[in-house]
Structures are given as structure tokens and as C-alpha cells.
1. So which residues in region 162-179 are open to solvent by 100 Å² or more (accessible area, probe 1.4 Å) and outside any helix (DSSP H, G or I)?
2. Let me confirm something: among Val92, Val162, Val149, which residue is of a type outside the set (D, E, K, R) and in contact with a helix residue (DSSP H, G or I) (Cβ under 8 Å, 6 or more places away or on another chain)?
3. Using beta carbons and a limit of 6 Å, which pairs, at least six apart or on different chains, have the first residue in region 139-150 and closer than 26 Å to Arg128 by Cβ and the second one aromatic (Phe, Trp, Tyr) and outside any helix (DSSP H, G or I)?
4. If you scan region 116-134, which residues turn out to be of a type outside the set (Ser, Thr, Tyr) and open to solvent by 30 Å² or more (accessible area, probe 1.4 Å)?
5. Specify the residue that is farthest from the ligand (Cβ to nearest atom); the eligible residues are those in region 123-150 that are more than 18 Å from the chain's Cα centre (by Cα) and under 20 Å from Val57 (Cα atoms).
6. Name the pairs whose Cβ atoms lie under 6 Å apart, with the first residue in region 71-92 and of a type in the set (A, V, I, L, M) and open to solvent by 10 Å² or more (accessible area, probe 1.4 Å), the second away from the ligand (no atom under 16 Å from the Cβ) and modelled with pLDDT of 95 or more, and 6 or more positions between them or separate chains?
7. With the requirement that a residue be open to solvent by less than 60 Å² (accessible area, probe 1.4 Å) and not in a helix (DSSP H, G or I), what does region 16-41 give you?
8. Determine whether Asp171 is acidic (Asp, Glu) and under 30 Å from Met1 (Cα atoms).
Amino acid sequence: MFKSVEESRIQISELMLPSHANFGGKIHGGYILGLMDQTAFACASKHSGSYCVTASVDKVNFLNPIEVGELVTMKASVNYVGKSSMVVGIRVESENIRTGQKKHCNSSYFTMVAINEKGKTVKVPGLRLGSKIDAKRFIKTIIRRESEVKKEANQKEVYKNVDNHLKLLNDYRVEIAIK
Ligand SMILES: CC(C)(COP(=O)(O)OP(=O)(O)OC[C@H]1O[C@@H](n2cnc3c(N)ncnc32)[C@H](O)[C@@H]1OP(=O)(O)O)[C@@H](O)C(=O)NCCC(=O)NCCS
């Protein structure tokens, strides 16, 4: 069974209140991450027709601060499906509601896994790619996952044989005081 990207596309908007702000008067990054997680959950649950959990979150760069009173919009779609996992791409924009000026605040990828009532993973529908953008996003995810596997293997190697990598520290502001 296949479902189109359109069928689970989600858009959620929320007005940023003073209670969402940090001491500097800007909106808390953690609050935005929470909204992104909810959006990813809704999108993945719609595609899978199951309850979903967040398995991992890709790097999130906060590109622009969000001000109190701005309208934040999250746009999400399923970019990739595995057997029980789905990668949901989310774009966050904020809008000054008086001027209509919009800012791209961040984009990230959430890996969501479909589970049943017993907590066991369940198979999700395949993805019908209805446009070149859909295909581009699916392929980008395959490439990103492959480079993550390589990165993890490199990091494991460092942990196993740190002595082989100590010279890398020569270019950094550290004093080696290992006894
Ligand atoms: C995510 C979870 C259900 C995976 O369960 P599991 O028994 O390890 O299942 P599997 O190893 O069979 O993996 C299932 C799928 O999840 C994917 N997956 C598991 N861990 C992952 C991770 N850290 N990042 C990305 N994908 C992951 C696997 O690649 C697999 O994908 P596929 O079915 O499409 O091939 C389980 O680790 C879990 O419940 N984690 C806690 C989730 C949670 O509580 N999130 C909220 C945090 S507060």
C-alpha cells in the first residue's frame, strides 16, 4: 500500500505569547523544538495511521530569533519511509503579523517510528512520490542516512583508539594533561 506525500502534509500555526519567551525576550528554542515534535508526530501518525514515537532529531540550526507576537508556522511532510520509520521534514517560519514580513527560522528532520498498542514497531505504507521535489527529498534523505552511518563508524573508531587521533588536538586550544 502506498500513500501520497500530500495525504499527510501538515501545517500548524501558533501565535507566540510572552509566556514562551526567555530572559532576553525572544522565544525559547526548547518551546519551538516541542512544537516541531508535535508537528512531526501529527504528520507521521497521519501517514502511518498508527501511534508514533520520536526516534531521533537531526541537527537544528536556529537561523533567526523569534519575537513575542509573531505567528509561527510549521510545515511538515513525510520525506522518506523505511519499514516502520518515517523521516518528517519540517520548515519553521515566523511572520510579523503587522507587516507580513516572514523569516525562515529553521528546518529539521525528525525520524518517527510507528508502533502498536504493545509498543512493537509496525510497517508503514510506502510513499507515492508525486513530484520531483518529493523524489529530491527522498533521495536527499538516503544520502544523509548513508553519511550518518559513515560518521558514526568514524566516531566509534576514535573511541576505540583515541591514541591514534591525539595529534588532531594540536590545532586546538587544549593542554594535554592525561596521566
Ligand atoms: C524508536 C524505537 C521504537 C525503536 O525500537 P527498536 O526496538 O529499536 O526497533 P528497531 O531496531 O526494529 O527499529 C525500528 C525502526 O526504527 C529506526 N530507528 C531506531 N532507532 C533509531 C534512531 N535512533 N534514529 C533513527 N531511526 C531509528 C530503525 O532504523 C528502524 O527503521 P525501519 O523499520 O524503517 O527499518 C525505540 O527505540 C523507542 O521506543 N525509543 C524511545 C522513543 C521515545 O520514547 N521517544 C520520545 C523521547 S522522550
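1. Tyr172, Arg173, Glu175, Ile178, Lys179
2. Values: Val162 fails: in contact with a helix residue (DSSP H, G or I) (Cβ under 8 Å, 6 or more places away or on another chain); Val149 fails: in contact with a helix residue (DSSP H, G or I) (Cβ under 8 Å, 6 or more places away or on another chain).
Residue meeting the stated conditions: Val92.
3. Final answer for the pair search is Thr141/Tyr80.
4. Of everything in region 116-134, those that are of a type outside the set (Ser, Thr, Tyr) and open to solvent by 30 Å² or more (accessible area, probe 1.4 Å) turn out to be Asn116, Glu117, Lys118, Gly119, Lys120, Val122, Lys123, Arg128, Leu129, Gly130, Lys132, Ile133.
5. Among residues in region 123-150 that are more than 18 Å from the chain's Cα centre (by Cα) and under 20 Å from Val57 (Cα atoms), the one farthest from the ligand (Cβ to nearest atom) is Lys150.
6. Leu71/Ser13; Leu71/Leu15; Leu71/Glu95; Leu71/Ile97
7. Of everything in region 16-41, those that are open to solvent by less than 60 Å² (accessible area, probe 1.4 Å) and not in a helix (DSSP H, G or I) turn out to be Met16, Ala21, Asn22, Gly25, Ile27.
8. Working: acidic (Asp, Glu): yes; under 30 Å from Met1 (Cα atoms): no.
No; evaluated as a whole, the condition is false for this residue.
The values are calculated or read from the model by the stated rules, or taken from the named source; none is laboratory data. None of the values given here were measured: they were computed from a predicted structure. For neighbour counting, all protein chains shown are included, and Cβ atoms are generated from backbone atoms with ideal geometry for every residue, glycine included. Quick note on the areas: whole protein, heavy atoms, side chains included, nothing else; ligands and nucleic acids left out. Shrake-Rupley method; radii C 1.70, N 1.55, O 1.52, S 1.80 Å.
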